[in-house]
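So the structure is just underneath, and the comments pick up after that.
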Amino acid sequence: MTFQEVLTQAVQWLQRDKRVSYRALKRQFAIDDEYLDDLKEAIFYTHPRLVEENGRGLTWTDESQTPESAARHGRSEERRVGKECRSRGSPDR
């Protein structure tokens, strides 16, 4: 399996399960520590909003949504906050 194929499958795994441990990646793809470091570098570069959890693995965070879905979420959050302000009697700006 090529590096690109491993990278693609690892990212798909992260998107599906939202988190993957480094040990699981090593076992699934039969890779050593040096290969894992290269894989992590490529993943962090292509998906900069992923986070590392306690040095044990990667987590696909809500911030790693597409820009379009993040913008939609931001607009719905603004509407929700605006409604709360009006219901408390606070003037809307």
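This table checks each residue for (1) surrounded by 15 or more Cβ atoms within 10 Å (Cβ to Cβ); (2) modelled with pLDDT under 95; (3) within 18 Å of the chain's Cα centre (by Cα).
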position	(1), (2), (3)
Gln4	no, no, no
Leu7	yes, no, yes
Ala10	yes, no, yes
Tyr22	yes, no, yes
Lys26	yes, no, no
Phe29	yes, no, no
Asp32	no, no, no
Tyr35	yes, no, no
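How many of the residues in the stretch 39-58 are surrounded by 14 or more Cβ atoms within 10 Å (Cβ to Cβ) and either within 18 Å of Met1 (Cβ to Cβ) or of a type in the set (S, T, N, Q) (or both)? So the answer is 4.
The values are calculated or read from the model by the stated rules, or taken from the named source; none is laboratory data. As the structure is a computational prediction, the values presented were derived from the model and not from experiment. No Cβ is skipped: glycine too gets one built from the backbone with ideal geometry, and neighbour counts run over all protein chains shown.
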